[in-house]
Amino acid sequence: MLQKLSLHVANICAAEDSAQIDTVLARAVQDLNFVSYNLSCGKLNPQDFMTDPDLTSWTTHELEAYDRDRWGRRDPLLQRLEGREPAAHTWCSTDWLETPYHDYSEYVHGVGIGGGVTVPLASSTGRFNAMTLLTLTPEISGDQLAATQILANVAQSRLAATGLLHAGTGSSAAAFRTLSNRQREILHWAAMGKSNAEIAVIMDQTKRGIDYHISEITRKLGVTEVVAGIRTSC
């Protein structure tokens with residue numbers, strides 16, 4: 001495992017942008033016997049970790065379903081992040097069966113996930129950074145846990161090196177780099193004069209989801225309107 005990890009770390013360090021980081025990180029995650037991952041940095045609240053990830057192997061459909069069913073308010077892993085617990089930890093889908101979060105256990109088990117690892121990452125005051133990895137089986141070895149911590153920290157460092165994490169610097173270029181890939185696509189269609197409802201159809205998302213991302217784009221760019229031609233009517 002150490003040899004594989006060294007190769008993946010080298011590839012992440014050599015990646016030149018978020019798309020390349022995403023590609024090599026997805027390969028590393030699979031090599032460590034995880035089926036998917038989610039990496040979010042600089043989020044204002046834990047719910048943004050799942051609704052607006054910076055890098056993820058989740059499909060748009062999966063992210064939309066999570067948001068639509070409001071799991072962000074019932075996700076014990078996000079509650080743990082909100083509590084600022086610093087240690088990386090493993091978990092399995094049955095952990096919360098005898099707790100108020102039993103419905104989340106049923107949800108995770110229902111989509112075929114056996115367990116995972118959540119790695120909180122260093123962040124500035126008032127922000128949340130973390131990476132989570134999912135596996136089909138509940139057994140996660142100590143080597144896997146250690147490897148995920150290394151991968152998460154290296155990926156975060158490389159994202160920072162590419163400028164993606166430099167939010168609030170006053171630079172328009174730096175502010176644009178804080179937009180996720182999905183938000184950049186939404187901004188493109190908005191600049192083409194598409195309404196939020198039209199963008200939702202084009203990107204196969206809900207209008208409510210597009211409305212949320214538009215508000216996040218305006219916040220990140222520090223403007224009251226993303227583009228002069230933007231239309232939010234149905």
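At the listed q of 0.12, 0.17 Å⁻¹, the Debye profile of the stretch 1-107, built from one uniform point per Cα, gives log10 I(q)/I(0) equal to -0.50, -0.97. Charged side chains reduced to their Cβ positions (Lys and Arg at +1, Asp and Glu at -1) give the chain a dipole of some 660 debye around its Cα centre. Based on Cα contacts under 8 Å between residues 6+ apart, the stretch 1-118 shows a relative contact order of 16 percent. For a paramagnetic label modelled on Ala65 (point 7 Å from Cα along Cα→Cβ), amide N atoms under 16 Å away belong, within the stretch 2-42, to 35-37. Each other residue within a Cβ distance under 11 Å of Lys4 adds +1 if Lys or Arg and -1 if Asp or Glu, for a net charge of -1. Averaging the sequence gap over all C-alpha pairs within less than 8 Å and six or more residues apart, then dividing by the number of residues, gives the stretch 60-160 a relative contact order of 23 percent.
Counting helices only, and only those DSSP H runs with n ≥ 4, report the 222 nm mean residue ellipticity of the chain as the sum of -39,500 (n - 2.57) divided by its residues, in deg cm²/dmol to the nearest 500. The per-residue figure over the chain is -14500 deg cm²/dmol. Of the trypsin sites (Lys or Arg not before Pro) found in the stretch 72-128, the ones in coil according to DSSP and having at most 10 other Cβ atoms within 10 Å of their Cβ are Arg84.
The relative contact order of the chain comes to 19 percent, based on Cα pairs under 8 Å that sit 6 or more residues apart.
Free of any GluC sites (Glu not before Pro) that DSSP assigns to a loop and that have at most 14 other C-beta atoms within 10 Å, the longest stretch within the chain is 140-224.
Each reported figure results from applying straightforward, stated rules to the coordinates on display, with no laboratory input. Everything quoted here is computed from the prediction, not taken from an experiment. For neighbour counting, all protein chains shown are included, and Cβ atoms are generated from backbone atoms with ideal geometry for every residue, glycine included.
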